[in-house]
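The values are calculated or read from the model by the stated rules, or taken from the named source; none is laboratory data. It should be emphasised that the depicted structure is a prediction, and the values quoted were computed from it without experimental measurement. Backbone-built Cβ (ideal geometry, glycine too); neighbour counts: all protein chains shown. When the accessible area is computed, the model is the full protein with side chains, heavy atoms only, and any ligands, DNA or RNA have been set aside. Shrake-Rupley method; radii C 1.70, N 1.55, O 1.52, S 1.80 Å.
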Amino acid sequence: MALTTEPSTTPPGAPASTGAATSELVHRPGRWIDNWNPEDTSQWNLVGRAIAKRNLGWSIFAEFLGFIVWQLWSVVVVSLPAVGFNFDTGQTFWLISMPALVGATLRIPYTFMVPRFGGRNWTIVSAGLLLIPAIGLGLAVANPETPFGVMLLVAAFAGFGGGNFASSMANITFFFPQREKGWALGLNAAGGNLGASVAQFVVPIAITIGAAATLNLSLAGWLWIPLIIAAMVGAYFFMDNLSSAKADIAGSLAAVREPHMWILAVLYIGTFGSFIGFASVFPKLIADQFPDFSTIQVGSAGVGLAFLGALVGSLARPFGGKLADRFGGALITVVTFGVMALGATLVLLTLPAANFWLFLGCFLLLFVASGVGNGSTYRMIPTVFAARAGTANAHENAADVGTQRKAAAALGIISAVGAYGGFAIPQVLSAAKTGTGSYDAAFIGFIVAYVVFAAITAFFYLRRSSSVAGQRI
């Protein structure tokens, strides 16, 4: 097999020339590659694996920065009063939740950008879009007279970072063979999720650099600009576009018509929505419940430890997938929702004690459970679609190509719907705080919701008379 570099007259995105050998890669201007076939063992072992890993590395870096930008406002809002802003509780929670609302909405169109423009090209564009919220934040927080409407608009632009997840995952799935997709997508997702933790760890430290009477809050935005530019340059020089990457509109429409897609989307709101929602509000909750312990200016640990929630949740996600591989995703998801209900109950019970370390420990249990649930719920999706198609032992065997495409489309849609939990949780907490003066009512609602989610999972996927009875979902 030869690796050729001759230019081609085939337009970008067009199918490879029929005259080329199946296993022969053709490189064209603009870093387009024709004849990509990762299932071709010879091509994969000789050149494909190295190309795929190179693209994966830069994809992870760009998505990682996307999650950082997506979560910047979660920690910035805690410091707004210290630099002269006087927003009420409702306005503060809108600044926290607006990036999640926009990011979740963008995930659906972002999924189709890779087939339209090419993975490398769209990574350059999507990374470049992160400059808008980063620069906007740096400018907006520098002036305490900035109107709330402008601040909310800048926070909305941070949603670009949430959309990056969908296009990044869609791009990487084209590069790897079926037998290695799980590993590659797991690394891509985990690398992105860790960005939330890094933002909450680095920003409280960075904004104290050179600070005298007030914090250098603008650094929360300016800090990431060199890295964003590096991601754009890296994508330009080292990533590739695949002419074989095609949008599956038919698969998307078929997935939308499948009732179980919407059931799984609801469950994913409970798992991933809880993870990203609680990650967004955790610094704010710490600041509200333990104001003396969380003041950044005196260097105490409270808000500085908020990153632990997103960290343990991100690291727990792969273990949820592994447990689902062994015991079935539905069983693990039911257990997960049970543990999440327990964690929320413990948080509710410990609030009156005003013990920070007890509060932190209970919340970390909630984060770990949500991370495990992310992995187990995501693992259920292809199994449910295979079982609905009549595949024997759907937990172990893939269905026909049409069903696989439908399941792949469902993964993208479900990830978008689940992300709306990042908007809902801050809004529920805001309503409870504004209406009652405490967060108790919100946590009671979360406990009830997790019990309902567990019941839904058991009813549809563990009940003996269900439509997928006899399958280890």
> Any idea which of (1) modelled with pLDDT under 80; (2) of a type outside the set (Ser, Thr, Tyr); (3) open to solvent by less than 10 Å² (accessible area, probe 1.4 Å); (4) closer than 17 Å to Arg257 by Cα is the one Ile381 doesn't satisfy?
Replying inline: (1)
> Which residues, taken from the stretch 74-91, are open to solvent by 50 Å² or more (accessible area, probe 1.4 Å) and closer than 16 Å to Asn216 by Cβ?
Replying inline: Pro81
>> Going residue by residue through the stretch 194-213, is there one that turns out to be within 18 Å of Ile413 (Cα to Cα) and either assigned to a helix (DSSP H, G or I) or among the polar types (S, T, N, Q) (or both)?
In response: no
> Any idea which of Val451, Val468 is in contact (Cβ under 8 Å) with a residue 12 or more places away in the chain and surrounded by fewer than 17 Cβ atoms within 10 Å (Cβ to Cβ)?
Replying inline: Val451
> Of these, Ala156, Ala190, Ala170, Ala142, which one is open to solvent by 10 Å² or more (accessible area, probe 1.4 Å) and more than 22 Å from the chain's Cα centre (by Cα)?
Replying inline: Ala142
> So which pairs qualify, if the first residue must be in the stretch 283-311 and modelled with pLDDT of 70 or more, the second must be of a type in the set (Lys, Arg), the Cβ gap must be under 8 Å, and the two must be at least 6 apart or on different chains?
Replying inline: Asp288/Lys433
> Here is a list of conditions, (1) farther than 30 Å from Ala82 by Cβ; (2) at pLDDT 90 or above; (3) open to solvent by 50 Å² or more (accessible area, probe 1.4 Å); (4) of a type in the set (A, V, I, L, M, F, W, C), and Trp122 meets all of them except one; can you say which number that is?
Replying inline: (3)
> Could you say whether any residue in the stretch 356-372 is more than 21 Å from Pro283 (Cα to Cα), assigned to a helix (DSSP H, G or I), modelled with pLDDT of 95 or more and open to solvent by 10 Å² or more (accessible area, probe 1.4 Å)?
Replying inline: no
> Which pairs have Cβ atoms under 9 Å, sit 6 or more apart or on different chains, and link a residue in the stretch 255-280 that is touching a residue at least 60 places away in the same chain (Cβ under 8 Å) and assigned to a helix (DSSP H, G or I) to one that is crowded, with 24+ Cβ neighbours inside 10 Å and of a type in the set (Asp, Glu)?
Replying inline: none
> Which of (1) open to solvent by 10 Å² or more (accessible area, probe 1.4 Å); (2) under 14 Å from Phe453 (Cβ atoms); (3) at pLDDT below 90 does Gly329 not meet, given it meets every other one?
Replying inline: (1)
> Can you pull out the residues in the stretch 234-248 that are touching a residue at least 24 places away in the same chain (Cβ under 8 Å) and either aromatic (Phe, Trp, Tyr) or part of a helix (DSSP H, G or I) (or both)?
Replying inline: Gly234, Ala235, Tyr236, Phe238
